[in-house]
Structure formats: structure tokens, C-alpha cells
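A short worksheet on the structure shown next.
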Amino acid sequence: METPESSLTTHPFFQGMTPRHLSMVGECASRVNFQAGQFLFREQEEAAQFYLINHGQVAVEVFRARRGPITLQTLGEGKALGWFWFDKPYHWHYDARALQLTRATALDVKALMYKCEQDYELGYALMKRYAQMLAVQFRVVAMQIADMYG
Amino acid sequence: MRQAPAYLGDEVVIEPQALQQLLEILHRQGYQLLGPTLRQGSLAYGPLSSIADFPQGWGDAQEGGVFRLRKLKDPVFFGYGVGQQSWKQFLYPPRHRLWQARREGNGFQVLPQEEDAAKFAFIGVHACDLEAMAVQDKVFLEGPFIDSLYRERRERAFILAVNCGHPCGTGFCASMGSGPRATRGFDLALTEILQGPRHYLVAALGTERGRQLIEQIPHQKAQPEELEAAARLLAQTARQMGRTLDTREIKALLYRNYENPRWDQVAARCLNCGNCTLVCPTCFCHTIEDTTDLTGTEAERWRRWDVCYTVDFTYLHGGGIRNTIRSRYRQWLTHKLATWIDQFGVSGCVGCGRCITWCPVAIDITEEVRAIRESELAAPPAAKEEGNGDA
Amino acid sequence: MPNPPAEPMLPRPYRVLKVGRETGDTFTLTLAAAAGGAGFSFAPGQFNMLYAFGVGEAPISISGDPERPENLVHTVRAVGAVTRAICGLKKGEVLGVRGPYGAAWPVAAAAGQDVLVIAGGLGLAPLRPAVYHLLAHRPDYGNLELIYGARTPEDLLYRKELEGWRGRFDFRVHVTVDAARGEWRGNVGVVPNLISRARFDAANTLALICGPGVMMRFTVQELLGHGLKMENIYVSMERNMKCGLGLCGHCQLGPFFVCKDGPVFRYDLLKDWFLTREV
């Protein structure tokens, strides 16, 4: 039976992280499952978790009144979900819905940030990975916008 | 029989035969008589010419999705509940032409409309339907814009109400405070009593118009024991109603339960047929249809009853707002019992039970509310669902 | 607020004086009463039901100057049978008008405050009368800013007018598009992102917002993040309307009838319904 910490070791986001740091992150982790169709989070809800997807597929959606949910992106095994907990007012701006049975590790963001404030090395290790994820994210979104007018 | 003068607020007693005279007087006064008749195995409000048109000796058995007529032992005139249609079909007709217009040059001319001359006498109005008229008065007469057709017909209509001596299977007027006794808005209100060999009607006088009518037919001042018999009968009816609806803080209850999983459950059953809106005596949604003839020179505008369950009811370019059965059923129920209160100061529901009887899958508005209330006892709504709720 | 005359379901004939094309599918019609008369009185944010003979009616915001009532101006996007018929009218032809209906932008109440006018796409059409009013009474207001975004430069409304407004020294105009080809030298990005460029005293600012639902949602969040109070934010909603009188039931949004309680709503009063889906 995988512990939350052991699932972090195998997740690409944490590749290269020291065991000591992984253990600290592990203290904020819990395993979560979502059925197909279930929401991980909804727009307006407080952004309290950072999700690492271990298995399954999640759609990031924005709900439009007449057209219903529009999928902006889908994320599968090995991806990370949740980047709004850095941005006021610290709540989700989109919905995330499991498209199939999805297993993830959820990190409590408040606890995680507290640890980062206490240990800047941990903080840097996380932020480095996080920044890279955002850079890739921006590149992907920019391509999506440009393609609309192709 | 002594002709005692009748006063407003008084109650008098009349014999059943006097009903015939009553109808004749109203007819002579130019009223179009409308009342309960048997039609195609059901109960319908239609034209009356004499008391022989009443379904005397008939009652009904109503349950979720079921309406049956049944023969009674007693030769009572008003032994049944409400049929499929209410009186709104007369005051607020299902189809009504608003105007005609003709092209002229680059423009058009709107043609004047004929005056509506309809003068109705509604015979046998149950208390719930009377209350429904009061509710529709708020919609059509008390907003910034008034429906003039409704106003004219409503003002002219003579109302002879009937208090229910037989509990109906799906009604819950007692819960909604709208029956079984009619308390206001009538010209006359009758309670039919059959005690052994004695068959009489206690008539309450509601207006000057009603009093004048009673003056012209044989009547007696009601005796205390006759009034008691009526009161007992109505109390018994109230106790035996087929349904109840707990209306305590119902607006707040529904307002905080828009994401309750119960909506998914009822949506799985609801056929979106809209029967409930068509039989409901307070539903008022309508659409406006602009038509033209084949040459494009004559145009008409019609008003037609509409149903909030249709897929295009909320259609805007690009799509509708309520795209699921779940959201449309939720709209109907929350409008009827909650948002209506904010809009008009009263509930939209009068507990007539028609929506329960005439739903093909027997969805029961009282059961839906009960389920939502009970779901809160199981799990208080304060905690917002995080990652658990599916909508 | 001006009220329409009696016989509320009867359209009054208005003649088309001018039809101008704004974008590929959007046109601005200038109208005058066929019967002549004093002009069409309305408050910014109100709408009319416009009738194309034999085709039908559509609710269209009034986009003209409330202080120039001699002409009635409507900007219409051709998306259905009725709006296509209206946009297809030629000079001299007649359509029917019922109105004005609805609640208006609180331009008078905004006196003494900074005002942010934030529009997306066609949403600038119902806001233009408010802008006219604010500019006509400029000394009554503090900072005045317009933030306007559309999908592409070709989708921007009132291009010449926008350029004229930008030339003023007492009115800041920020325009953006979601994406653009090479010639566009303006901003590219979404409307909420431009809010941080505007100058306003959050405690003393009124925001008037109109645009697609998603745009309004994110704009409100951004404004709240900048410290605006919910009771100082106004949004304009749209719903299917058949009568415009609060009688047909089609335009309901929770307990509100958008045709008479709106289309302009104060955000704090609307918030719970605004954030509930499929109501």
C-alpha cells in the first residue's frame, strides 16, 4: 500500500528532491481518489490543495453560461494541478473534473507554505520546480491562443 | 320558507333546488355560466345550462399520476376535488391575439382590437383555486405593467365558491393556508351538507352582488347546528388531506439547497413534459409569437401559454441557460415555492395537488421538499463540499 | 426614469435614418419616430424591444446619447432571425419599438467618485450611453477610465469614437484584444489584466461592467482584489425576453426579472445568483 510520501517519490514533479525534503512535503500529503465525473475543485472555492496526479485524467474547465463547461486542458498521470494558491484571492478560477477514476496525492498548501517559510532550502527546491511548471504552462497556453487564429 | 333579509358576512341556508334558480338568475344577468362537468371520463370546467350539468353523485380518486372518477352513494352536487384545468384558462386564455398589423408603404399600421366582452360566472370554485386567483392577481394586476384582459375579466367575474367536504387525495391546501374553507374573494361560498335525509347548502355572503342574488331565491338564516355541521365537515376535510407540506422557512431552505443531490434524483424521473405547468392554477409564463401571412403584408402578435421545461425557454444566441432537466425542474419548484415569495410576497403554490395527480411519473412536490429538508438533518449544509460534490 | 406609454404590447413605428457597420455581424442603426415628436427619452443601460415586421422582437440595449433624444440609436448583432431582419433594414424602412425598459446605470449616484467603465465585446453598446453621460458631466466625477476588450481588432465597436475618446486629457481609455495579427500595436491580453493600469481610489470608485459572463466574473474578482466594495460594482445581465414587462417569466434569474429588476444589477444584491449555475 503506497503511503502519500512514497507516491511523491515516483511523481515526476519531485524528481531529484532530497529524501529529507520529500519527507517534509510528505507530512502535508494525503491520498485522494475521484470517481469519473467528480470535481476536484470548483471555481470560487478556496485553493487549499496542490494535486499530483498519479493515475487517471483530469479536465480543467471554465463554465460558460450558455455553452456549458469548456475544457481548457487535460492533465494525466505524472502531471501537477493547482497553481492558484499563489494568487490573491487564493481561490480557484476554474473547475477541475475527473474524466475517469483518478488517484492523486493532495498537498495541503497552507502547511506546505509554512514549512517553506521555516526552511528556505525546501522553499527553493519547491519553487524551482513550480516555476518550471508555470513556464511550460504559459508556453502551452500561448500556443493554444495562437492556434485559434491559424 | 321565510325570506329573511341576508346581510354580508351572514350565512344562510338554501335548498339544493334553489341552485337552479340561482343559475337562471345569473344567466338572465348576462353571465356565461362555467362550472364542473363530466367530460371524457374526467372533470372539466365547461359551460353550464342547468344543475343537471353538474356531476351530481360523482366523486374522484386522485393519487400521484392517477385520476379516476367514482360513483358516490350520496347525491351530492360537489363531491369531487379539482379537475385537470383550473379557472385560469378563462381569465388568462391559453391563446390570445394581442393585435394585428398591416404593411403600409415602408412601414406598418397596427389595427385596433375589439373589446373583450366576456362576463363569466364561475360556479363551484374550490378554495385552492380561489386563492390561486388571488395569487395571479398579484402577478397580473400589481406589477409595473398590468394585463388589461385579465383585469377586465376578473372584475366582471361572479364567483360562487364551494368549500370542500371531501378531502382530495393529492391536495394540501391546509398546509398552504388556502383551504378547504374559502375565506375571501368570493361572491358566495357554499358548503354542501348531507345529513341523513336532509340535504342543504350553507351559503356565506361575500359581496353585495352575492347578497342580492341570495335575496332573489328562497333562503333561511343559518341555524347554529347547521353552521356547526359545516364547520365540523370542513375541519374533518382539513385533517384528512392526502398530503402535507412543511412551509416553515421554506424560502431559506430552498435557497441554500440549489446544489442538493436530490435535484439529480428527481431529474432522472422527470420527463420534462410540462404537465405540471399547464395544470397549475398559478403558473403564468407565456410566450409572444409574431406571425405573418404568406404574402408578408399582414402580421399578428399572439400570446400563448409557455412551459419553463422546454429546452429553448431560456435560449439566447449561443445556447440556453438551463440546459439540463435538473436545472429546469429545479427552476419550476424553486420558483413556485421560494423565488415567487420574493417576487410577489406570497407563495406561488396553493396546494391544489394537480401537479402531483397529473404528473405521468407521479413526481410529488411535497415529497421533494420533504427529501430536501431531511437531507439537511442527515448532513448540515454549512460545510461546503470540497471535491465531493457532483452537480 | 422615463416610462414607456400605455398599451405596452403595441410597437411604435420608427424609421431607419442610417445603418452603419461596426464589425462583420454588428450594425448600428440610427432611428427616428415615424410620427415625429419630441424624441426618445431613456436612461443609460435601458433597452427596447425592437420589432421586425412579421418576424419578431428582440431586446436590444439603447446605445445612443441620452441627452440627444432626437435620434434613437441601437447597435445590433445579427445572430438570429429577428436581429438579421433588423440589420437588413435599409434607410427609410420602419421597425417597431417598445420601451424603454429596465433599470439603469447609476450615473447620477456616481457623482463625486471615480468611475471605471469595463466592457467586453458587444458589452460596450449598453455602456456607451453611460460614457456619454459621464463625459457630458465630466466635472461631477473623479477619475474616469474605460477598459474595453474584444476578441480581435476587427471585433472592436465604435473604433473612431474610441480613438476620439483616447485623445481627451480627462478620460483614460485602455483597449485590448485576445489575439491579433501583425498590424495591431495595442494591448493583447484579457480585460481584467488591464485593471491594474487604471488609476482609481478603490474606496471611492464605482465600476460599471458589461460583457460575456466569464469576463464579468473574472473582472469582478479582479476589482474585489483591488479593494472595491461589492455594492459599488454594477453588472448588466441578459436573458431571453419575450415581453419586457415582467409578465412572461422568461427572463427570470432567481427571484429577479432581468427586464425590470435589471438588466443593470448591483453586484452585492445579485452575487449569490450570479455565481449559481443554470439559474
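The values are calculated or read from the model by the stated rules, or taken from the named source; none is laboratory data. No experiment lies behind these values; they were computed from the predicted model shown. Methodologically, a virtual Cβ is constructed for each residue, glycine included, from the backbone with ideal geometry; neighbour enumeration extends over all protein chains shown. In case anyone asks, the SASA skips ligands and DNA or RNA and just uses the protein heavy atoms, side chains included. Shrake-Rupley method; radii C 1.70, N 1.55, O 1.52, S 1.80 Å.
C:W184 falls short on exactly one of the conditions (1) within 14 Å of chain B (Cβ to nearest Cβ); (2) surrounded by fewer than 23 Cβ atoms within 10 Å (Cβ to Cβ), and that condition is (1). The set of residues in segment B:64-113 that are hydrophobic (A, V, I, L, M, F, W, C), under 28 Å from B:P167 (Cα atoms) and part of a strand (DSSP E or B) comprises B:V66, B:F67, B:L69.
Residue check: A:A80 meets all listed conditions (1) more than 9 Å from every other protein chain (Cβ to nearest Cβ); (2) of a type in the set (G, A, S); (3) loosely packed, with under 14 Cβ neighbours inside 10 Å but one, namely (3). All of (1) assigned to a strand (DSSP E or B); (2) at pLDDT 95 or above hold for A:F50 with one exception: (2). Only one of the numbered conditions (1) touching a helix residue (DSSP H, G or I) at 6+ places or on another chain (Cβ under 7 Å); (2) open to solvent by less than 60 Å² (accessible area, probe 1.4 Å) is violated by B:Q84, and that is (2). Residues that are within 14 Å of chain B (Cβ to nearest Cβ), within 30 Å of B:G345 (Cβ to Cβ) and part of a strand (DSSP E or B) occur in segment C:237-253; there is at least one.
Here is a yes/no grid of residues against (1) within 21 Å of the chain's Cα centre (by Cα); (2) over 26 Å from B:A157 (Cβ atoms):
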{"position": "B:L19", "(1), (2)": "no, no"}
{"position": "B:L22", "(1), (2)": "no, no"}
{"position": "B:H27", "(1), (2)": "no, no"}
{"position": "B:G35", "(1), (2)": "yes, no"}
{"position": "B:Y45", "(1), (2)": "yes, no"}
{"position": "B:V66", "(1), (2)": "yes, yes"}
{"position": "B:K71", "(1), (2)": "no, yes"}
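Scanning segment C:233-263 for residues being open to solvent by less than 20 Å² (accessible area, probe 1.4 Å) and either out of contact with any strand residue (DSSP E or B) (no Cβ under 8 Å at 6 or more places or on another chain) or farther than 22 Å from B:F313 by Cα (or both) gives a total of 7. Quick one: in segment C:69-85, which of the residues that are buried (at least 17 other Cβ atoms within 10 Å of the Cβ) and within 10 Å of chain B (Cβ to nearest Cβ) is farthest from C:A52 (Cα to Cα)? Here the answer is C:R77. Within segment B:246-258, being over 25 Å from the mean Cα position of the chain (by Cα) and open to solvent by 80 Å² or more (accessible area, probe 1.4 Å) holds for one residue alone: B:R256.
Step by step: first the residues of segment B:192-223, then only those that are part of a strand (DSSP E or B) and among the polar types (S, T, N, Q), then the one that is surrounded by the fewest Cβ atoms within 10 Å (Cβ to Cβ). Which residue is that? Taking the candidates together, the pick is B:Q195. Out of segment B:25-51, which residues are closer than 17 Å to B:L213 by Cβ and assigned to a strand (DSSP E or B)? Within segment B:25-51, B:Q32, B:L33, B:L34, B:G35 qualify. From the list C:A136, C:A150, the one residue that fits, being surrounded by fewer than 16 Cβ atoms within 10 Å (Cβ to Cβ) and among the small types (G, A, S), is C:A136.
Conditions tested, residue by residue: (1) among the charged types (D, E, K, R); (2) farther than 20 Å from C:A125 by Cα; (3) in contact with a His (Cβ under 8 Å, 6 or more places away or on another chain).
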| site | (1), (2), (3) |
| --- | --- |
| C:A180 | no, yes, no |
| C:G213 | no, no, no |
| C:R217 | yes, no, no |
| C:K229 | yes, yes, no |
| C:S236 | no, no, no |
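Answer yes or no as to whether C:K229 is modelled with pLDDT of 95 or more and more than 10 Å from every other protein chain (Cβ to nearest Cβ). In short, yes. Can you spot a residue in segment C:20-30 that is modelled with pLDDT of 95 or more, within 22 Å of B:G107 (Cα to Cα) and over 18 Å from the mean Cα position of the chain (by Cα)? There is no residue in segment C:20-30 that is modelled with pLDDT of 95 or more, within 22 Å of B:G107 (Cα to Cα) and over 18 Å from the mean Cα position of the chain (by Cα). So how many residues does segment A:38-67 have that are out of contact with any Gly (no Cβ under 8 Å at 6 or more places or on another chain), within 8 Å of chain B (Cβ to nearest Cβ) and over 30 Å from C:E238 (Cβ atoms)? Residues meeting the conditions: 1. Residues that are buried (at least 21 other Cβ atoms within 10 Å of the Cβ), under 23 Å from C:A43 (Cβ atoms), within 14 Å of chain B (Cβ to nearest Cβ) and under 17 Å from the mean Cα position of the chain (by Cα) are absent from segment C:194-206. Within segment B:123-149, count every residue that is of a type in the set (K, R) and touching a Leu at 6+ places or on another chain (Cβ under 9 Å). Number of matching residues: 0.
Taking (1) part of a loop (DSSP other than H, G, I, E, B); (2) touching an Asp or Glu at 6+ places or on another chain (Cβ under 8 Å) in turn, B:R370 satisfies each apart from (1). Checked against the criterion of being without any contact (Cβ under 8 Å) to a residue 40 or more places away in the chain and over 30 Å from C:Q221 (Cα atoms), the candidates A:G26, A:G56, A:G76 yield just one match: A:G26.
Taking segment C:269-279 as the range and being open to solvent by 10 Å² or more (accessible area, probe 1.4 Å), more than 9 Å from chain B (Cβ to nearest Cβ) and touching a strand residue (DSSP E or B) at 6+ places or on another chain (Cβ under 8 Å) as the test, the residues that pass are C:W273, C:F274. Looking at B:G185, B:G165, B:G242, B:G169, just one residue is within 30 Å of B:D116 (Cβ to Cβ) and modelled with pLDDT under 95, and that residue is B:G185.
Looking across segment B:282-335, the residues that are among the aromatic types (F, W, Y), open to solvent by 20 Å² or more (accessible area, probe 1.4 Å) and more than 7 Å from chain C (Cβ to nearest Cβ) come down to B:W302, B:W305. Would you call C:A58 within 16 Å of the chain's Cα centre (by Cα) and either at the interface with chain B (Cβ under 10 Å from one of its Cβ atoms) or open to solvent by 50 Å² or more (accessible area, probe 1.4 Å) (or both)? Judged against the criteria, C:A58 is a match.
Do we find that A:T102 is more than 10 Å from every other protein chain (Cβ to nearest Cβ), at pLDDT 90 or above and open to solvent by less than 10 Å² (accessible area, probe 1.4 Å) in this structure? Yes; evaluated as a whole, the condition is true for this residue.
Each row is one residue, and each column tells you yes or no for (1) away from chain C (no Cβ under 14 Å); (2) under 30 Å from B:I363 (Cα atoms).
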residue	(1), (2)
B:R68	yes, yes
B:L72	yes, yes
B:G81	yes, yes
B:S86	yes, yes
B:Q109	no, no
B:E114	yes, no
B:A117	yes, no
B:V125	yes, yes
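Being outside any strand (DSSP E or B), more than 11 Å from every other protein chain (Cβ to nearest Cβ) and open to solvent by less than 10 Å² (accessible area, probe 1.4 Å), is that true of even one residue in segment C:25-39? No, segment C:25-39 has no match at all. Note on segment B:336-348: residues that are more than 9 Å from every other protein chain (Cβ to nearest Cβ), in contact (Cβ under 8 Å) with a residue 60 or more places away in the chain and open to solvent by less than 20 Å² (accessible area, probe 1.4 Å) total 2.
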